[in-house]
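The values are calculated or read from the model by the stated rules, or taken from the named source; none is laboratory data. No experiment lies behind these values; they were computed from the predicted model shown. Ideal geometry is used to build each Cβ from the backbone, glycine not excepted, and the neighbour counts take in all protein chains shown. Surface accessibility is based on the protein's heavy atoms, side chains included, excluding ligands, DNA and RNA. Shrake-Rupley method; radii C 1.70, N 1.55, O 1.52, S 1.80 Å.
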Amino acid sequence: VGLIYMFNLIVGTGALTMPKAFATAGWLVSLVLLMFLGFMSYMTTTFVVEAMAAANAQLRWKRMEKRKDDEDEDSSSGVSDSDVLLQDGYERAETRPILSVQRRGSPNIFEITERVEMGQMASMFFNKVGVNLFYFCIIIYLYGDLAIYAAAVPVSLMQVTCSAMGNHSCSVGDGTKYNDTDKCWGPIRRIDAYRLYLAAFTLLLGPFTFFNVQKTKYLQIMTSLMRWIAFILMIILALIRISRGQAEGHPSMAQLSGIRNLFGVCVYSFMCQHSLPSLITPISKKKHVNKLVLLDYILILAFYSLLSFTAIYCFRNDTLMDMYTLNFTNCEIINVAFIRYFLGLFPVFTISTNFPIIAVTLRNNWKTLFHREGGTYPWVVDRIVFPVITLIPPVLVAFCTHDLESLVGITGAYAGNGIQYLIPAFLAYCSRKDTQLVFGSGTVNKHLSPFRHPFWIVFVLIWGFSCFVFVTANIVLSESKL
């Protein structure tokens, strides 16, 4: 179940922008880069699992030390033994994780039984500067996420409704390139329709940022189900079109100009490191967790390849949309109106359920970043200022641009690079150092990454920093050409 959750988490919005990125970079370059980035993402996933085990060991050790101190104090004070036993038994029942209660015998000190989020691991293993950089990276990534979501929903609504209501019904994916200044319906231009939908989206989902989002289980189940139906439908429809000899795609082997966006999209599409504590901790038997995660990555890699290759051979490069679902709103591709509208509006349903959750996560990260020990925020700051600074920037970005491929590319290439490569590598390095200091050099972490040699950490760090340089240089060069 944990691995199904991980699959659902990784295969998200990023996958919908992948076919266009594949087409612009060439099929061979895309496949090689996708496989390499999948391998890199798997490696850093094992680093995070290792850091989680080290964090659990440290928390368990501190608890044992505290218990020893409390026992020493109790023996010197006049408290009766029965009082101590009753209180200690109650506290252990309340604080001990459910999973470890089910096991017999004393668990290994490195057993992952307590959920330790990335922010908590950063505060345990990093210095103050490192912790602040970690939160800065997470916040930038979540802002990018929200901007992508805030743009994707109005884009889908604009494309579907402008086609349905305008003179060019059914022609979203027929290769006609529409400008933002083209008429949508009546005097309303396409860009005006987009901004109207963005305003409606902000007014409907924005208020959730001011509250806590809970009880989303059924929403998530519905979203996952719809996602699977949509992805399978798109693959089957593209395969049918190819088998009938109606395929129009002639993808090139390599186009270096498209690598920047492809890199960002691929990094964004393998993102799961920040959610691993919630996914891995509830799994009861973690002995083979690294092998099972590897299987997950192989399946995801196969799925992305299947989706992208069927897309680039089915559709011409110039007709592939930023949001791949919009290619299936053309009557020639599928003549069943329900399926056309279901795929065209698919991002609206799925993204709308995720937007409030990510907004609340970002708001809470802002609170944690500025939180001081023992301090509380005034009501206005807590309930008004933090939600407003969470909501306004991504909506402004979405107002200025709806170029989804670039938004996904930049978010993945910068903040995604930090979360997926740099932070896990630093966590693995610092947790290993701390483990040796606390437990001695002979102690072996049972969840030690298969990439345990220091070379791999250095390799990931060099790769991460060189990606920053490469993407920045590419942006500067392309801007100077313009």
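Taking 30 Å as the limit for the C-alpha separation, the pairs Lys367/Lys446; Lys128/Lys286; Lys62/Lys286; Lys20/Lys285; Lys291/Lys433; Lys291/Lys367 exceed it in the case of Lys367/Lys446; Lys128/Lys286; Lys20/Lys285; Lys291/Lys367. Among 362-371, 140-149, 420-429, 53-62, the peptide with the highest mean count of other Cβ atoms within 10 Å heads the list, and the full ranking is 420-429, 140-149, 53-62, 362-371. Note on region 1-61: with neighbouring protein chains present and a 1.4 Å probe, carbon and sulfur make up 81 percent of its accessible heavy-atom surface.
Remark on Cys184: its backbone amide H falls under 5 Å from those of Arg189, Arg190, a criterion applied only to residues 5 or more positions apart or on other chains, H modelled at 1.01 Å from N. The shape of region 7-74 can be summarised by an equivalent ellipsoid whose semi-axes, obtained from the alpha carbon gyration tensor, come to 48, 12, 6 Å from longest to shortest.
The residues of the chain have, on average, 48 Å² of accessible surface per residue, using a 1.4 Å probe with all protein chains present.
Every helix of 4 or more DSSP H residues in the chain counts as -39500 (n - 2.57), and over all residues that averages to -22500 deg cm²/dmol at 222 nm. Helix 190-205 and the longest principal axis of the Cα set of the chain meet at an angle near 30°. For the pair Ser441 and Glu71, label points projected 7 Å from Cα toward Cβ lie 3.1 nm apart.
Give the peptides 381-388, 31-38 in descending order of average Cβ contacts within 10 Å, highest first.
Result, highest mean Cβ count within 10 Å first: 31-38, 381-388.
Loop-located trypsin sites (Lys or Arg not before Pro) in region 226-322 (DSSP state other than H, G, I, E, B) with a sparse environment of at most 11 neighbouring Cβ atoms within 10 Å: Arg244, Lys285, Lys287.
Relative to the longest principal axis of the Cα atoms of the chain, the long axis of helix 289-314 lies at roughly 10 degrees.
Helix 454-481 axis versus longest C-alpha principal axis of the chain: approximately 30°, rounded to the nearest ten. Here the accessible area is traced with a 1.4 Å probe on the protein chains. For region 319-448, carbon and sulfur cover 67 percent of it. Compared with the direct C-alpha span, the chain from His250 to Leu294 gains 12.6 nm at full extension, assuming 0.36 nm per residue.
With a Förster radius of 45 Å applied to the beta-carbon distance between Ser284 and Ile236, the computed FRET efficiency rounds to 0.80.
Charges were assigned to the Cβ only: +1 to each Lys and Arg, -1 to each Asp and Glu. The resulting dipole of region 179-297 about its Cα centre is roughly 480 debye.
Only Lys, Arg, Asp and Glu carry charge here, each on its Cβ (+1 for the first two, -1 for the last two); on that basis region 346-482 has a dipole of about 420 debye about its Cα centre. Charges on Cβ only, +1 for Lys and Arg, -1 for Asp and Glu, centred on the Cα centroid of the chain; of Val395, Met52, Ser449, which one is farthest towards the dipole's positive end? Of the candidates, Ser449 comes out farthest on the positive side.
Taken about its Cα centre, the chain carries a charge dipole of about 800 debye when Lys and Arg each add +1 at the Cβ and Asp and Glu each add -1 at the Cβ. Along the chain, the longest continuous region that contains none of the GluC sites (Glu not before Pro) in a DSSP loop with at most 15 other C-beta atoms within 10 Å is 1-247.
Only one of [x] 72, 51, 43; [y] 88, 49, 45; [z] 75, 43, 42 was calculated from the structure for Cα extents along the principal axes in Å, and its label is [y].
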